[in-house]
Amino acid sequence: MKSFNIFIDENNFEENILKILKEIRSEWETKEIKFKIFSEGKTNKLIGTYCLSISEMILFRINGNKTESIIDRDAEIKNMIFLNKFGFAPKIYAKFSNGLCYEFTPGIVVTTEMIYESNIFKLIARKMAKMHKIELTEEQKKNEPMIISKTLEYLETIPERFSDDKKDFKSRQLLPSKQSLLTEFLYLQSVLKSCHSPIVFCHNDLNMVNIIYTADIEKITFIDFEYAEPNYQAFDIANHFAKIAGCCDDSGIDYGKFPSKEFQKRWLKHYLREFHDRREIKNYEIENLQIIVSKFVLSSHFLWTCWCLIQAEYSTIEFDFIKYVWLVNDR
């Protein structure tokens, strides 16, 4: 992996991307290089680059403003290299001052409608179980579960008051105080620990846009490993279920889309078959895991609530993060 002291402006990216491509793909003719913007998400900008005469695409991910306050970029690279050894993460070609350049994964982004299709959800459940079976390193085993360490870190980062007066007023009208959130999480933390969910290597952000389906080979690929690290097994599953109901985007939250208990049981059965390497899974095993997962859904909402409150202060994206937090928790 090459390293470049180059900053890429998300609104004027071509010149500096070409500088990097000249080093990592010197055989590409500059006049044949094309660009494709894949996303303008809530944190990052993703740009595909390809050469007309060569069947290869390379992705450039430009990190969002101040995202280093919520994401450890060095740890992310380390985890991607670790996961790449097991075939779970793309190969990183280069890093630059505010992002990464890595391998492209062909396929389509899974939709909420697709997520309930039998062949799709089975592939996702099995893929997650395979990731959870990766043996942790001795260093990773020493780390506290992501949901604990990251939430406490986020709670520290949430501003006491927002620099934008309108945001600050709205937050005080609609949301609990920072101290109230901390008190609530300390109680939730004790509940999570009492569940005794195994610590495994988790993706931690399996919403729909981070799942790619390649139809011709019937393959599911996970992408975007910004939050990947060891965590409670049940969190990864619960977070995926919660994301089916909606994510931090303009479509909002629809709790009617949250997986039914019947669907959860089917999903968990395929997960457990892969995780335990056996065909026969007892009903009580499914039910026990389902109960634990239901408790961890609360922790998913809590984590991304804190994430949104940080984004509300630092993100340059036009999105009402405070209103979104209120909608997520107004139940």
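A short reminder: the numbers here are calculations on the coordinates, not readings from a lab. A quick note: this is a predicted structure, and the numbers were derived from the prediction, not measured. Here the Cβ positions follow ideal geometry from the backbone for every residue, glycine too, while neighbour counts run over all protein chains shown.
Sequence-ordered 3J(HN,Hα) estimates for region 254-262 from the Karplus curve with 6.51, -1.76 and 1.60 and θ = phi - 60° stand at 10, 5, x, 8, 4, x, 5, 4, 5 Hz, glycine and proline given as x.
Backbone geometry of region 47-52 corresponds, through the Karplus equation with coefficients 6.51, -1.76 and 1.60 at θ = phi - 60°, to 3J(HN,Hα) couplings of 10, x, 10, 8, 10, 4 Hz, x marking Gly and Pro. The modelled label-to-label distance for the pair ALA75/GLU184, using points 7 Å beyond Cα in the direction of Cβ, is 2.3 nm.
Computing FRET efficiency as 1/(1 + (r/R0)^6) for SER149 and SER26, where r is the C-beta to C-beta distance and R0 is 41 Å, gives about 0.50.
Both radii were evaluated on the Cα set of the chain; the Rg over Rh quotient, with Rh as the Kirkwood radius, amounts to 0.96.
Convex hull volume of the Cα atoms of region 2-103, normalised per residue: 107 Å³. Number of Lys-Lys pairs in region 224-298 with C-alpha atoms under 16 Å apart and a separation of 8 or more places or on different chains: 9. Amide H contacts of TYR93 (H built 1.01 Å from N, in plane; Pro and chain starts excluded): CYS101, TYR102, GLU103 sit under 5 Å, all sequence-distant by 5 or more or on other chains. Alpha-carbon geometry of region 90-166: the Rg and the Dmax are 18.9, 49 Å, given in that order. Using the Cβ-Cβ distance between GLU103 and GLU14 with R0 = 25 Å, the FRET efficiency computed as 1/(1 + (r/R0)^6) comes to roughly 0.75. Across the cross-link table entries LYS66/LYS166; LYS85/LYS142; LYS45/LYS170; LYS2/LYS141, which are compared at the Cα atoms, the separations over 23 Å belong to LYS45/LYS170; LYS2/LYS141.
Per-residue ellipticity at 222 nm from helix content only, as computed over the chain with -39500 (n - 2.57) for each DSSP H run of at least four residues, stands at -14500 deg cm²/dmol.
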